[in-house]
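Have a look at the structure below before the remarks.
The values are calculated or read from the model by the stated rules, or taken from the named source; none is laboratory data. Predicted model only: the values in this text are computed from it and were never measured. Don't worry about glycine lacking a Cβ; one is built from the backbone with ideal geometry, like all the others, and counts go over all protein chains shown. Areas reflect the complete protein model, heavy atoms only, side chains present, ligands, DNA and RNA absent. Shrake-Rupley method; radii C 1.70, N 1.55, O 1.52, S 1.80 Å.
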Amino acid sequence: YQRRVHGVNPCEQAVMFLARTPAHVARARFPFSTRFLATEVVYENSSTDDGSLSASQLQQYSEQGFLVLQNFMHHSWVDRLRQRALQLVDAHRPDSVSVFATTGDNSSHKSDQYFLTSGDRIRCFFEAGAFDTHGNQLVERRLAINKLGHAMHDLDGVFALFSYHPKVCTLGRSMEKAYPHGGSLLNTQAMYIFKQPGIGGEIGAHQDSTFIISEPDSCCAIWFALEDATLSNGCLWGIPGSHKGGVSRRFTKQPDGRCEFDKPETQYAKELFVPLPVNKGDVVIFDGAFVHMSYPNTSPESRHAYTLHLVGSKTVWPERNWLQRAADRPFRALVPENCIPLSVPEGTVS
């Protein structure tokens, strides 16, 4: 396994962890057979100076469904985004608490209007582990938030500058080559994931195209590591080549306003997943049908990440998508000119 973080092979990290950890704790952290350690899954370290992808990088993306790009964003940009995210959390004054979770067929957001109407807003969603059984908050606000979503990239100045950074836009133009039917890429939603220390919940195995639907499928993601993402603090795991199997199910809006999955949850063998540990400033791009997940963060370190979900401008955005935006807040092309936010109060958190 060729991907290395801080000079340590991730499989070696897992072996060292298992060797020094009591069995019951190890099973909680890695609740599956460790036979994957003997499986050779190769993806080469990649980088890009200006954001453009080479033919070989595009080929790897096409074959594996993902690509890791090292040292993509300068740490000064990363630190600025993290600081702004915390400012938005501090400004958040909710009338009620909305908890976000994605394990199993979780119903917490199927009828949660705070979530379902967040497509053109900036909203905060809490970690389930931040509260006790009586609903009392156990940790301070900055450590209780699961994520921010879903329109920071278009409504907040700092997030817009980051999301439409020239290097990000150049990367997007390269990614368009993998979706020749889609046209130029549109920025549909943004998620800032905190993966809080100790309580950062598991993100169950899923495909982003389950939730981001275009006709034909063109969803893809840019995942920015804002801190080191390791085996212990909840790095991404994915199944290489899983995007070739298509999208297994959809999360769609129903006539009564609720959203439902059209099929049961797909079960994936844990041995199929490989870890994708990355360093601060690295980027992971992946296809909307790429199956991925992350385990709970049981470490004392957070794992902040920022994700943009993109679709082709020549595809149809159906009304059955849960995410809909007002006419005065349309999806915008991934081009540097859009680094100026839409004309709404900057940083508004509702």
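The numbered conditions (1) in a loop (DSSP other than H, G, I, E, B); (2) modelled with pLDDT of 95 or more are all true for residue 67 except (1). Identify, please: which residue in the stretch 280-307 is of a type in the set (S, T, N, Q) and crowded, with 16+ Cβ neighbours inside 10 Å and is, among those, farthest from residue 129 (Cα to Cα)? Only one residue fits best here, namely 307. For the stretch 196-234, filtering for residues that are assigned to a loop (DSSP other than H, G, I, E, B) and hydrophobic (A, V, I, L, M, F, W, C) leaves 7.
The set of residues from the stretch 152-182 being open to solvent by 20 Å² or more (accessible area, probe 1.4 Å) and either in contact with a Lys or Arg (Cβ under 8 Å, 6 or more places away or on another chain) or closer than 26 Å to residue 62 by Cβ (or both) comprises 158, 165, 166, 167, 170, 173, 176, 177, 178, 180, 181.
Of everything in the stretch 284-305 that is among the small types (Gly, Ala, Ser) and in a loop (DSSP other than H, G, I, E, B), the residue that is nearest to residue 271 (Cα to Cα) is 289.
Looking at this structure, is residue 249 more than 26 Å from residue 86 (Cα to Cα) and touching a helix residue (DSSP H, G or I) at 6+ places or on another chain (Cβ under 6 Å)?
On the way: more than 26 Å from residue 86 (Cα to Cα): yes; touching a helix residue (DSSP H, G or I) at 6+ places or on another chain (Cβ under 6 Å): yes.
Answer is yes for this residue.
Among the conditions (1) open to solvent by 10 Å² or more (accessible area, probe 1.4 Å); (2) over 19 Å from residue 285 (Cβ atoms); (3) of a type in the set (A, V, I, L, M, F, W, C), residue 186 misses just one, which is (2). Can you spot a residue in the stretch 252-275 that is within 25 Å of residue 175 (Cβ to Cβ), surrounded by 15 or more Cβ atoms within 10 Å (Cβ to Cβ), basic (Lys, Arg) and touching a residue at least 24 places away in the same chain (Cβ under 8 Å)? No - not one qualifying residue is present in the stretch 252-275.
Among the candidates 162, 194, the residue that is modelled with pLDDT of 95 or more and over 28 Å from residue 55 (Cα atoms) is uniquely 194.
For (1) among the small types (Gly, Ala, Ser); (2) within 24 Å of residue 267 (Cα to Cα), each residue gets a yes or a no:
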residue: 160; (1), (2): yes, no
residue: 164; (1), (2): no, no
residue: 190; (1), (2): yes, no
residue: 197; (1), (2): no, no
residue: 200; (1), (2): yes, yes
residue: 243; (1), (2): no, yes
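Report yes if some residue within the stretch 199-207 is small (Gly, Ala, Ser), open to solvent by 10 Å² or more (accessible area, probe 1.4 Å) and touching a Phe, Trp or Tyr at 6+ places or on another chain (Cβ under 6 Å); otherwise report no. Checked against the condition, which is being small (Gly, Ala, Ser), open to solvent by 10 Å² or more (accessible area, probe 1.4 Å) and touching a Phe, Trp or Tyr at 6+ places or on another chain (Cβ under 6 Å), the stretch 199-207 yields at least one hit. Filtered by the rule that a residue be in a strand (DSSP E or B), open to solvent by less than 50 Å² (accessible area, probe 1.4 Å), over 26 Å from residue 145 (Cβ atoms) and aliphatic (A, V, I, L, M), the stretch 308-334 gives 311, 333. Residue count for the stretch 235-275 satisfying the condition of being under 17 Å from residue 207 (Cβ atoms) and in a strand (DSSP E or B): 9.
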